[in-house]
Amino acid sequence: MNKTFDSRELVYKYTDMIYRIAFGYLRNKEDAEDIVQEVFFRYIKHIKFGRAFNDEEHEKNWLIRVTTNLSCNKLKNSRQVQCVPFDDDSVQKIESYNKDIYLLEDINRLKDKYKSVFQLFYLRDLNVAQVSKVLNISEAAVRTRLKRGREYLKLILENEE
């Protein structure tokens with residue numbers, strides 16, 4: 001982006017989003033706050049080394065990807081139980097569509113690579129191209145993971161009946 005870097009504007013604009021994503025993964029306030037600080041630290045390093053963003057969407061996708069990666073790494077390093085990153089807004093969205101709340105537990109049983117795609121596509125309303133950018137995978141991989149995730153979820157639901 002060709003505009004002057006304003007750290008206060010950046011923090012004001014993205015802190016809540018980064019915190020919600022991190023908390024969704026980690027389910028711990030202190031760990032989520034640590035992730036927020038680390039994301040902004042990496043952003044500043046990114047800018048300091050002369051790397052620029054193409055536009056605001058590129059910047060936002062970069063922040064989401066870094067937040068997701070740092071949160072997943074923290075989970076792996078601390079050997080915490082892995083969970084789907086559902087925040088309060090996501091749960092309300094599912095309830096507003098009259099979905100059974102137990103569906104969240106079934107989605108949680110999916111492999112991590114499918115959970116991430118489900119979270120971004122269905123609960124954050126990103127399209128396939130946006131999910132591809134955030135997760136740094138091809139659009140074909142996103143579509144494949146959505147398809148396989150739906151197949152696994154169908155098997156889970158059928159086995160429960």
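The values are calculated or read from the model by the stated rules, or taken from the named source; none is laboratory data. No experiment lies behind these values; they were computed from the predicted model shown. Don't worry about glycine lacking a Cβ; one is built from the backbone with ideal geometry, like all the others, and counts go over all protein chains shown.
Being modelled with pLDDT of 90 or more, surrounded by 13 or more Cβ atoms within 10 Å (Cβ to Cβ) and of a type in the set (Ser, Thr, Tyr) is the filter here, so list the residues in the stretch 133-161 that pass it.
Passing the criteria: only Thr144.
Does Asn108 qualify as being assigned by TED's automatic domain parsing to the domain that holds Asp31, at pLDDT below 85 and under 15 Å from the mean Cα position of the chain (by Cα)?
No: the conditions fail for Asn108.
Of all residues in the stretch 120-152, count the ones that are among the aliphatic types (A, V, I, L, M) and within 21 Å of Arg109 (Cα to Cα).
Looking only at that region, the number is 7.
What do you reckon, is Tyr12 under 17 Å from Leu120 (Cβ atoms) and either surrounded by fewer than 11 Cβ atoms within 10 Å (Cβ to Cβ) or modelled with pLDDT under 85 (or both)?
Considered against the rule, which asks whether it is under 17 Å from Leu120 (Cβ atoms) and either surrounded by fewer than 11 Cβ atoms within 10 Å (Cβ to Cβ) or modelled with pLDDT under 85 (or both), Tyr12 comes out as no.
Does Ile101 meet the test of being β-branched (Val, Ile, Thr), at pLDDT below 85 and surrounded by 13 or more Cβ atoms within 10 Å (Cβ to Cβ)?
no
Quick one: in the stretch 22-51, which of the residues that are among the small types (Gly, Ala, Ser) and within 23 Å of Leu126 (Cα to Cα) is surrounded by the most Cβ atoms within 10 Å (Cβ to Cβ)?
So, considering only residues that are among the small types (Gly, Ala, Ser) and within 23 Å of Leu126 (Cα to Cα), the one surrounded by the most Cβ atoms within 10 Å (Cβ to Cβ) is Ala22.
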